[in-house]
Amino acid sequence: MKLFKLCLLCVFLLLQHRLWLGDNAYQENKALNTEIKQLVESNQELNLRNQVMLAEIKDLKSGLAAIEERARNELGLIKNNETFYRIVPDPQKALKQNE
């Protein structure tokens with residue numbers, strides 16, 4: 001009976017060693033789960049960005065309004081016989097609003 005208890009104790013200690021210190025141990029599993037969560041969040045952000053880009057591509061393919069808007073905003077282009085006005089904010093008002 002004493003030998004049996006000793007064998008059970010050895011098996012128990014061996015299993016505990018593998019659980020905490022062996023390959024694929026608890027700490028490694030926990031670190032991998034954390035990394036998986038970060039990658040899932042990153043994938044969700046990238047999927048959202050891809051959806052926005054696909055919507056923009058669809059918009060650009062479907063009509064000239066989106067192309068015209070991009071040309072105006074990004075390149076600063078204006079149409080013929082059109083006057084461009086730039087409204088510059090008053091720096092004094094900007095300072096007062098920030099306070």
**Asked** Any residue at all in the stretch 13-28 that is outside any helix (DSSP H, G or I), small (G, A, S) and out of contact with any strand residue (DSSP E or B) (no Cβ under 7 Å at 6 or more places or on another chain)?
**Response** yes
Note: among E74, E69, E35, just one is out of contact with any Lys or Arg (no Cβ under 8 Å at 6 or more places or on another chain), modelled with pLDDT of 85 or more and not hydrophobic (A, V, I, L, M, F, W, C), namely E35
- Message: Considering only the stretch 75-98, I want to know if a residue exists there that is surrounded by 10 or more Cβ atoms within 10 Å (Cβ to Cβ), of a type outside the set (A, V, I, L, M) and not in a loop (DSSP other than H, G, I, E, B).
- Response: no
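The rows are residues; the columns are (1) within 17 Å of the chain's Cα centre (by Cα); (2) within 30 Å of I67 (Cα to Cα); (3) surrounded by 10 or more Cβ atoms within 10 Å (Cβ to Cβ); (4) touching a residue at least 40 places away in the same chain (Cβ under 8 Å).
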site	(1), (2), (3), (4)
L3	no, no, no, no
L15	no, no, yes, no
A25	no, no, yes, no
Q51	yes, yes, yes, no
>> Among the residues that make up the stretch 65-74, is at least one of them surrounded by 10 or more Cβ atoms within 10 Å (Cβ to Cβ) and either touching a residue at least 12 places away in the same chain (Cβ under 8 Å) or β-branched (V, I, T) (or both)?
In response: yes
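The values are calculated or read from the model by the stated rules, or taken from the named source; none is laboratory data. The structure presented is a predicted model; accordingly, all values stated were derived computationally and were not measured. Cβ atoms come from the backbone with ideal geometry, glycine included; neighbour counts cover every protein chain shown.
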